[in-house]
Amino acid sequence: MRPHFTGSMVALLTPFHDGAIDWDAFGALIDVQIAGGSAALVPCGSTGEAATLSHDEHTEVVRFAVERADGRVPVIAGTGSNSTAEAIRLTTEAKRAGAAGALLISPYYNKPTQEGLVRHYLAIADAVDLPLILYNIPVRTASRIEAATIAKLAEHPNVVGLKESDALDHTLDVFHLAGDRLAVYAGDDAVTLSLMALGGAGVISTIANVVPREMADLAAACAAGDWTRARTLQFRLLPLIRACFTETNPIPLKHAASLLGLCRDELRLPLAPLTDPSKRAQLTAALRALGRLR
């Protein structure tokens, strides 16, 4: 199976200014990502605070990303919801806006059964002819997509990938049951090397917002089988990865991006900015160690 998308794909931040989307900062961030080697843009995910975007804003963010990318890299829109009808609508609008694919988080809060998950994802895949990437992240959704369920969903031609943010034993089962039928992407920057060594196609990265070149180089080293270089890069990035997850994503990441002048340190409630001095210092030190700050 040839993956539709490969490499380091950035889960884009959504910059805000006085509560509104900061389109100038968003456009500049997209340009930085493309110049830094990110292989695809993934707006409207958890990192992009999609849960606080209005429906109109969600569509505008995807449309803006597609227009700003201007064919330089594909845009994979986050279109998941705990409402199947809403996920279909968001995915339809993303396709209309020119997205090359969609990333669909597993329904959250509802806690669907495996049969419910199958019906949910197949309803979307049947309704919208677009490459779809499943997103398994039980820590956020309280509902795991079991490996056997993923294998069943992979039989649909529109289900092309999985963003995997689960325990290693689950990931191993996914590769065993479905790794020959869909691409698997690391959903956690810290396991990029491990997952790609198993045969993964890339990473949908959080920290690429602030270090796009380093994440692109890590994914490229893994894809080339240069495991010595990949290990060096993975270990070098670990302090920043850990610093960016001391609180709920994207709280620390937004602070890191503000230190680099990429956007303001502004989030939408119920998320609040990073205020802990030790955590802020940890981020600053990690960015300095990577040469991003003096």
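Selection of segment 174-213 for residues being in a strand (DSSP E or B) and closer than 20 Å to Ala125 by Cβ yields Ala183, Val184, Tyr185, Ile204.
Taking the conditions exactly as written (of a type outside the set (Gly, Ala, Ser) and modelled with pLDDT of 95 or more), does Arg89 satisfy them or not? The answer is yes for Arg89.
Scanning segment 96-117 for residues that are of a type outside the set (S, T, N, Q) and surrounded by fewer than 18 Cβ atoms within 10 Å (Cβ to Cβ) yields Arg96, Gly98, Tyr108, Tyr109, Lys111, Glu115, Gly116.
Do we have any residue at all in segment 157-173 that's under 15 Å from Ser8 (Cα atoms), at pLDDT 95 or above and in a helix (DSSP H, G or I)? No, there is no match, as no residue in segment 157-173 is under 15 Å from Ser8 (Cα atoms), at pLDDT 95 or above and in a helix (DSSP H, G or I).
The lone criterion from (1) within 28 Å of Glu60 (Cβ to Cβ); (2) in contact with a Phe, Trp or Tyr (Cβ under 9 Å, 6 or more places away or on another chain) left unmet by Leu153 is number (1). Every listed requirement among (1) within 14 Å of Phe16 (Cα to Cα); (2) part of a helix (DSSP H, G or I) is met by Asp56 save one, (1).
For segment 31-57, the tally of residues that are buried (at least 23 other Cβ atoms within 10 Å of the Cβ), of a type outside the set (Gly, Ala, Ser) and either closer than 20 Å to Leu90 by Cβ or at pLDDT below 95 (or both) stands at 5. For the structure I just gave you, tell me whether Ile124 is assigned to a strand (DSSP E or B), of a type in the set (Val, Ile, Thr), surrounded by 23 or more Cβ atoms within 10 Å (Cβ to Cβ) and touching a Leu at 6+ places or on another chain (Cβ under 7 Å). So Ile124 fails the test. With the condition kept exactly as written, say whether any residue in segment 71-93 is within 19 Å of the chain's Cα centre (by Cα) and more than 30 Å from Glu146 (Cα to Cα). The answer is yes; a qualifying residue exists. The residues of segment 28-49 that are closer than 16 Å to Lys254 by Cα and either in a helix (DSSP H, G or I) or among the hydroxyl-bearing types (Ser, Thr, Tyr) (or both), listed by number, are Ala28, Leu29, Ile30, Val32, Gln33, Ser46, Thr47. Filtering segment 1-25 to residues that are under 16 Å from the mean Cα position of the chain (by Cα) and not in a loop (DSSP other than H, G, I, E, B) leaves Gly7, Ser8, Met9, Val10, Ala11.
Hey, among Ala224, Ala201, which residue is without any contact (Cβ under 8 Å) to a residue 12 or more places away in the chain and among the hydrophobic types (A, V, I, L, M, F, W, C)?
Within the list Ala224, Ala201, the selection yields Ala224.
The values are calculated or read from the model by the stated rules, or taken from the named source; none is laboratory data. In this text the structure is predicted, and so the values were computed from the model without any measurement. Reconstructed Cβ throughout: ideal geometry from the backbone, glycine too, with neighbour counts over all protein chains shown.
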